[in-house]
Structure formats: structure tokens, C-alpha cells
Amino acid sequence: MIKKNKVAIVGAGQVGATTAYTLAVKGLVSELVIIDINTDKAKGEALDINHGMPFLNPAKIYAGTYQDTKDAEVVIITAGLPRRPGQSRRDLIHSNNRIVQDIVKQLNTHADDPVIIVATNPVDLMALTAQRTSKQPKEKVFGSGTLLDTARFRFTLAQNCHIEARSIQADIIGEHGEGEIPVWSLANISGVPMATYCSICNRICESQKREQIFLEVRDAGMEVIKKKGATYYAIALTLTRLAEAVLKDEHSVLTVSMHINGYLGIYDVSMGLPAVIGSGGIQKTIELPLNQQEREDFIATSAVLKELARDMEEFTP
């Protein structure tokens, strides 16, 4: 099959439009279709990007329908109601569940064999909905998960330690939201464990400081929403990074909402864990050697998400 580097984005809101723009600016796509129930909005976003094409790599960018997803290699779902100030991601469960179900059913009908990346919140539960609804194998359907939280974690640590963020390896796992878990036990700077590096910078060892950093990371999205009304730049970069890993078959390790069946005795739930991402989606899962507290926290978060998933299933007509 000829590789087209074709991506479809479902949802022309701020996240979807910014993701389309970012994909175009990075020159990752040869064809990009934007789909939205508001066709004029989708057409306007495509037109706006097209007006800048003389400064970008050539690409076909247009507003379309689900029929245009037929040969897409990646479909990114951003459609759904956004969070409002003071609203948790979990508050969006029932309103967005039906939207994601309907989108995936359309993809089942029209799309041949795409990797489906879900960004709609609450992303872990919406990824689970997509995994259950899609005709695709579960490794081809995943959510953006805790990849943005991981980026925020590394950024915040970089600010604290006065180290460039790309030199830091530190992950957030679990839920994208209230149940996220910082993996302090494996965090390191260029291979040096964080606890060891403390003797150099003396800015992070104490547990109170770690808790402060974690809370800043966990609440970062709401802080942006309070100040500007919505988050879309960082999540667009996150989705672009995932699409890039798939399109280029990078075998990159990225934390995504994957379907879990057996890790730590957990079954049939979607949660953020590191995975090898490349052509075809999730190529391999990575079972982190968590410490006892991190394992307990992960299992507790999974129990909460399973209960929310049961409630979501019962609520859906």
C-alpha cells in the first residue's frame, strides 16, 4: 500500500483546528481532512491554513466528510464538549460518550484501517468507549492519555532544577486528571536518579516540594482554563507528536491511554502507560517496575475508572 501520510481530524474546535495547523506547519502530512458537524467552521479552518501554504510544505488540506477517512492512516478525534472553569474532566463523561460512539461508528463504516487517537475528555474513558466501539484491534485505538501530563511534569521539573526539559525522564501514568500518578521512583536526569541529582541542585528531595510540583502539574490544565478559557496549544502538540510517531514508524515510547488486560491484575480499562508507538499504533507495552505505593495508587485509580465506566455504560441509552 502506498503511504500517503493522510490524517483526518474529527472536530474543528480549538483543539482540532490547532492540531491541523500544527501538523501542517511541521510538514507531517500530504493530505489533511477536517470534519465537523459545523461544515462552515471546518471549511474556514482549512481555508485559513491553506492561505499560508506558500510558506509550508505542499499538502492538500480541506474540509470533508467521513467518506474522506477511507484511506486515512491516522484519525484524531477531538470533537466533544470542552471543560468549563471549575468543571472536572469526569463531568463530561455522559455528554461526550455518545459523541465518541457516533464518530467511531462512522469510522467503522467509512475508514479502511486507521490508527485512531482520541483526545476528547475524559480521555481515558473516551478511549475505552472508542476501543469498545471500533472494529479496529485495540492496539490501533488509544487516547492521548497522560502524555501531556508527562510533558507538564518534565517542564515543571526542568524549571525547578534549572535543566533543559528534554534531559529529564519522568512520567505521569494512570488517569489524565484527578487520578494521575507521578512516577518519582524512576524519574531521572540523563540517567541520574532524581534522588542522586538532589545532591547537585538541592531543590527537589523533600516530600513537601515534590507534592507541590505534582499538584502544579495535576492542576495545570485548569489553571490555563482559568486564565485564557481553554487549553489547545499543548494538547495540539501532544496529538501531533503521536501522529508523527505513527506516520514515521518511529518506535517512540510515549504515555498513552491504552487498553489494559492483565497489568497489575487490572482488566478492561484504559489508562495512561508508556508504550512503543509506530506504524499500526501501539507496537509494544512497557510494564514499569513501580514501587509499592505507585502500584497501589495505579490499582486504586483503575478501580475508580472501572466504576465510572460501568456508570457510563448504564447511562448510555
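Name the shape class, rounded, prolate or oblate, that the alpha-carbon gyration tensor gives for region 203-243, where a ≥ b ≥ c are the square roots of its eigenvalues, rounded holds for a/c under 1.5, and otherwise prolate holds if a/b is larger than b/c and oblate otherwise.
Because a/c hits 1.5 or more and a/b fails to exceed b/c, region 203-243 counts as oblate.
Using only Cα atoms, tell me the angle between helix 93-110 and the longest principal axis of the chain; keep it within 0 to 90° and round to the nearest 10.
So the inclination is approximately 50 degrees.
Which ³J(HN,Hα) values, rounded to whole Hz and listed in residue order, are derived for region 230-243 from phi using the Karplus coefficients 6.51, -1.76 and 1.60 in 6.51 cos²θ - 1.76 cosθ + 1.60 with θ = phi - 60°, glycine and proline given as x?
6, 10, 8, 5, 5, 5, 5, 5, 4, 5, 5, 4, 5, 4
Which translational diffusion coefficient, to the nearest whole µm²/s, is obtained for region 38-158 from the Stokes-Einstein equation, given a Kirkwood hydrodynamic radius over C-alpha pairs, 37 °C and 0.692 mPa s?
My calculation gives 205 µm²/s for D.
With axes computed from alpha carbons, what is the tilt in degrees of helix 147-161 against the longest principal axis of the chain, rounded to the nearest 10 within 0 to 90?
40
How many angstrom separate the Cα center of region 89-120 from the Cα center of region 1-66?
Taking the Cα centre of region 1-66 as reference, the centre of region 89-120 is 19 Å away.
Scan (1) 152; (2) 135; (3) 144 for the value of volume of the Cα convex hull per residue in Å³ calculated from this model and give just the label.
Checked against the structure: label (2).
Over the chain, with a Gaussian network built from C-alpha contacts below 10 Å, which listed residue (Thr255, Thr109, Thr231) shows the highest mean-square fluctuation?
Result for the chain, Cα springs under 10 Å: Thr109 fluctuates most.
Ser30 to Thr109: extension gain in nm, 0.36 nm per residue of separation minus the Cα-Cα distance?
In short, 26.1 nm is gained.
State which entries of Lys41/Lys306; Lys70/Lys138; Lys60/Lys248; Lys60/Lys140; Lys4/Lys228 exceed 27 angstrom in Cα-Cα distance in the structure shown.
Over 27 Å Cα-Cα: Lys41/Lys306; Lys4/Lys228.
Please give the length that would be gained between Cys198 and Tyr267 if that part of the chain were fully extended, namely 0.36 nm times their separation in residues minus their C-alpha to C-alpha distance (nm, one decimal).
Here the answer is 21.1 nm.
Which of Tyr66, Tyr233 has the fewest other C-beta atoms within 10 Å, and how do the rest follow up to the most?
Fewest-to-most Cβ neighbours within 10 Å comes out as Tyr233, Tyr66.
How many percent of DSSP beta bridges within the chain run antiparallel, rounded to 5?
55
Provide Ile286, Ile34 in ascending order of the number of other Cβ atoms located within 10 Å of each residue's Cβ, fewest first.
Ile286, Ile34
Please arrange Thr156, Thr240 by how many other C-beta atoms lie within 10 Å of their C-beta, fewest to most.
Thr156, Thr240
Could you work out which residue, out of Gly80, Gly229, Gly64, moves most in a Gaussian network model of the chain, that is, has the largest mean-square fluctuation with Cα springs under 10 Å?
Among Gly80, Gly229, Gly64, the largest GNM mean-square fluctuation belongs to Gly229.
Put +1 on the Cβ of each Lys and Arg and -1 on the Cβ of each Asp and Glu in region 25-138; which of Gly64, Leu28, Gln106 then has its Cα farthest toward the positive end of the dipole?
Gln106
Between Ile77, Ile116, Ile266, find the one with the highest GNM mean-square fluctuation for the chain; connect C-alpha pairs within less than 10 Å.
So, out of Ile77, Ile116, Ile266, the one fluctuating most is Ile266.
As I understand it, the dipole of the chain uses +1 on the Cβ of Lys and Arg and -1 on the Cβ of Asp and Glu, about the Cα centre. Which of Ile93, Thr18, Gln292 lies farthest toward its positive end?
Positive-end residue among those listed: Thr18.
Which shape class, rounded, prolate or oblate, goes with region 30-74 when its Cα gyration tensor gives a ≥ b ≥ c as root eigenvalues, a/c under 1.5 marks rounded, and past that a/b bigger than b/c marks prolate?
Oblate is the answer for region 30-74, as a/c is 1.5 or above yet b/c matches or exceeds a/b.
Given an 8 Å cut-off on Cα distances and at least 6 residues of separation, report the relative contact order of region 6-143 as a percent.
Dividing the mean separation by the residue count of region 6-143 yields 24 percent.
Roughly how big is region 234-317's charge dipole about its Cα centre, with Cβ charges of +1 (Lys, Arg) and -1 (Asp, Glu), in debye to the nearest 20?
That gives region 234-317 a dipole magnitude of about 260 debye.
For Ser252, what residues show an amide H to amide H distance below 5 Å, using hydrogens built from the backbone and excluding near sequence neighbours?
Placed amide hydrogens put Ile277 under 5 Å from Ser252.
Where a number appears in this text, it was derived from the coordinates with a stated rule and is not lab data. All values reported here derive from a predicted model rather than from experimental measurement. Note that we place each Cβ from the backbone using ideal geometry, even for glycine, and neighbour counts take in every protein chain shown.
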